[in-house]
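Reading through the structure tokens given below for one structure.
The values are calculated or read from the model by the stated rules, or taken from the named source; none is laboratory data. Note that the coordinates shown come from a computational prediction; the quantities given were computed from them, not determined experimentally. Heads up, the Cβs are rebuilt from the backbone with ideal geometry, glycines too, and the neighbour counts pull from every protein chain shown. The protein model used for the area step is the full one, side chains on, heavy atoms only, and it has no ligands, DNA or RNA in it. Shrake-Rupley method; radii C 1.70, N 1.55, O 1.52, S 1.80 Å.
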Amino acid sequence: MKVNRNIVTGVLGVLLLATTTGGLVGWYTEHQRVTDLESQLVRARQQEQRSAVVRSVSKQMEEIAYQQKEISEEQREEAIQQKRVADEMRQRSEVERMNALVAREQAVASERQAQEARQVAESERQMAEHQRIQAELSKRITDTLSYVALARSLGSLSSTQTQLGNTEVGDLLAYSAFQFIDRYQGDVYYPAIFHSLMTASRTKRSWSEHNGSLTGLAYMSNTDNRIVTVSTYGEIMIHKKNGDYLQSETLLSNNNYDFRDVFIDDEIIYAVSRSGHLVIIDHGNPTIIELPALDYPMWITNLDDDNLLLIGDHGLAQYEKRRKMIVATRELDFRLTASQRYNYLPILFDDRGCQHVVKNINELITTDVPVPGRVTAFASSKNTKQRAYGMSDGTIYLFDETSGSSTKLEGHLSRISRLRINGRRLFSASYDGTMKQWNTGSSKIEPMTLISAGSWIMNFTLDNSKQYAWIGDQNGNLTEALLSVPMMAEKLKAQLKRNFTTDEWNYYIGRNVPYEKFK
């Protein structure tokens, strides 16, 4: 029984424990549920509060949305109104643009019509101007030809009247000839014009001073009024020009000498004689040097600053100025026909068609003469790159160094004795007794006779201004001639004693030419 009691007690205890445990668990569970419910309640209240806030905010947002909608509706209406206005403005602009395009097309058409009208007017104006110019040109050509012909006729009449002794009328005719030829741009070097001016202005004078042929001329250093001449009769003279007069002084006269060339260096006169002598005159004191090793001396020129080169038919000699003696000689196996200077050095020409530039007495640069014939005179110009070769038959060849071409100039009838180039003017002298001028810048080079000496012209030289020429001829005459036409005209105008009378003007020049006074 006791055991049963213990078992029952144990079971009861277990049941009690289980019941207690179950009660505790139930209580805890319920408590936990209550706690959860309370938490849910709190959360629900919080959620409700948030929902209320959200509803409030939503309501406010809804109100705002309604307001924005109203604003949007207003803006939409305003945009629609603006679009309507913009469409109207665009349509108006389009209309205006179309009107502008039409106006522009009309303007372009009007401008085109105006341009065409202007072009037609300009064409008509140009045609009228061209016709006017052509008419003026035709008139000017007619007047030019008429007055140039009149000038040439007056020049010829001047020479005739002067020969008849009517010098006053001859002077007036010569000056009027110059006026008309110059005014109408004719050739002032036309023979009738040039020679009438030279005669009327009295700017050509001749003096017979030498007994033999005047072969050499040279200006004294740095002067234009003292000139030295030599002759084949052994004469050395110095001349000084004073106005219209020539004062001449004989420095040496010995017919045993036959002078062919003269050279001036620092007031010292050097003259070579074909007899084989060099004559030196230093301030009036003559010195004679024999040249036995030089056959037939013909020319003399500078070799360098200290030496002279003496040139004979078949040889060369070097004279030293400081020691006053011949220091070297050289024989040549050819015969020389002419001597001049080229590029500041002596140049020699022989009878075999060769030219020799002398660098020193022992060094000759030999080349073929680029033109046919025997050279008797030579001139060159560094500025124009031209060389002139004068030949024994009177022909002149003008050689262009740039192109290598040559032009044959014909006008002289006999041997060319002297040539000189001054710019585009070539001066030539010949045994035919004339000195001519050639305009080498012209397309057609023709001669103009400056001087007719009546005998062989042996030599000539120009002064520093290139306006005066001095000529020596076979008869021993020394001639001075002014070559500048403007200077001759100026001198002639100063010499005029009166003007034309009305009758003289009408007779010589014509009633249709307006009367002029020249004095």
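Taking the mean number of other Cβ atoms within 10 Å as a proxy for protection, how do you rank 226-237, 277-288, 24-35 from highest to lowest?
Working: 226-237: 23.0, 277-288: 14.6, 24-35: 10.0.
Top to bottom by mean Cβ count within 10 Å: 226-237, 277-288, 24-35.
Once neighbouring chains are kept in place and the probe is 1.4 Å, which whole percent of the accessible area of the chain is contributed by carbon and sulfur?
49 percent
Straight-line reach from K204: which aspartates and glutamates fall under 20 Å, measuring Cα to Cα and dropping same-chain residues less than 8 apart?
Cα-Cα hits under 20 Å: E168, D171, D224, D244, D432, D463, D473, E480, E490.
How long is the gain from R425 to I80 if the chain were fully straight, where each residue apart is worth 0.36 nm and the alpha carbon distance is subtracted?
On the way: separation 345, 0.36 × 345 = 124.20 nm, distance 9.68 nm.
Extra length from R425 to I80 when fully extended: 114.5 nm.
My understanding is that a pair violates if its Cα-Cα distance is over 30 Å; which of K321/K408; K466/K517; K385/K436; K324/K436; K385/K493 do that in this structure?
Numbers: K321/K408 41 Å; K466/K517 32 Å; K385/K436 21 Å; K324/K436 39 Å; K385/K493 38 Å.
Among K321/K408; K466/K517; K385/K436; K324/K436; K385/K493, the Cα-Cα distance tops 30 Å for K321/K408; K466/K517; K324/K436; K385/K493.
Based on the Cβ-Cβ distance from I71 to L37, what FRET efficiency comes out when R0 is 35 Å, to the nearest 0.05?
0.15
How high is the FRET efficiency between A149 and T367 when r is their beta carbon distance and R₀ equals 41 Å, given to the nearest 0.05?
E between A149 and T367, to the nearest 0.05, is 0.25.
Treating segment 347-453 as a set of equal point scatterers at the Cα positions, no solvent, please give the Debye-formula log₁₀ I(q)/I(0) at q = 0.15, 0.20 Å⁻¹.
Calculated log10 I(q)/I(0) at the listed q: -0.60, -1.03.
Looking at segment 378-424, which trypsin sites (Lys or Arg not before Pro) are DSSP coil and have at most 15 other C-beta atoms within 10 Å of their C-beta?
Taking segment 378-424 and a limit of 15 other Cβ atoms within 10 Å, the loop trypsin sites (Lys or Arg not before Pro) found are K382, K385, R424.
Estimate the FRET efficiency between K517 and I133 by the formula 1/(1 + (r/R0)^6), using the beta-carbon distance for r and 25 Å for R0, to the nearest 0.05.
Details: r = 33 Å, r/R0 = 1.30.
Plugging the Cβ-Cβ distance into 1/(1 + (r/R0)^6) gives 0.15.
Of the trypsin sites (Lys or Arg not before Pro) in segment 481-514, which ones lie in a loop per DSSP and count no more than 10 other C-beta atoms within 10 Å?
Qualifying residues, ordered by number: K497, R511.
Along the Cα→Cβ direction, 7 angstrom out, place labels at R50 and L101. What is the inter-label distance in nm?
Result: 6.7 nm between the two label points.
In segment 452-516, which chymotrypsin sites (Phe, Trp or Tyr not before Pro) are in a loop and have at most 13 other Cβ atoms within 10 Å, using DSSP for the loop call?
Working: sites: W456, F460, Y468, W470, F500, W505, Y507, Y508, Y515; in loops: W456, F500, Y515.
Qualifying residues, ordered by number: Y515.
What accessible area per residue comes out for segment 23-138, rounded to a whole number of Å², with a 1.4 Å probe?
I get 88 Å² per residue for this part.
Provide the gained length on full extension for the span N285 to K240, in nm with one decimal, where the gain is 0.36 nm per separating residue minus the Cα-Cα distance.
Length difference between fully extended and current span is 14.3 nm.
So what's the net charge close to G433: Lys and Arg +1, Asp and Glu -1, counting the other residues with Cβ under 15 Å from its Cβ?
On the way: positive: K204, R415, R418, K436; negative: D432, D473.
Result for the local shell: +2.
Only four residue types carry charge here, +1 at the Cβ of Lys and Arg and -1 at the Cβ of Asp and Glu. Report the dipole size of the chain about the Cα centre in Debye, rounded to the nearest 20.
1340 debye
Cα centroids of segment 78-130 and segment 269-306: how far apart, whole angstrom?
97 Å
Over the chain, what relative contact order in percent results from Cα pairs under 8 Å that are six or more residues apart? Walk me through the numbers on the way to the answer.
Details: 915 pairs, mean separation 48.8, N = 519.
That works out to 9 percent.
Using the basic label-point model (7 angstrom from Cα toward the beta carbon), what is the K385 to S442 distance in nanometres?
2.4 nm
Can you bin every Cα-Cα distance in segment 415-485 into 5 Å intervals starting at zero and give me the percent of pairs per bin, rounded to whole numbers?
For segment 415-485, the pair-distance distribution reads 4, 18, 30, 26, 15, 6, 1, 0.
Once you put a point 7 Å from the Cα of N211 and another 7 Å from the Cα of K466, both along the Cβ direction, what distance in nm separates them?
4.0 nm
If you look at just the Cα atoms of segment 363-519, how large are its Rg and its Dmax in Å?
19.9, 72
So how compact is the chain: Cα radius of gyration and Dmax in angstrom?
In Å, with Rg to one decimal and Dmax whole: 60.0, 213.
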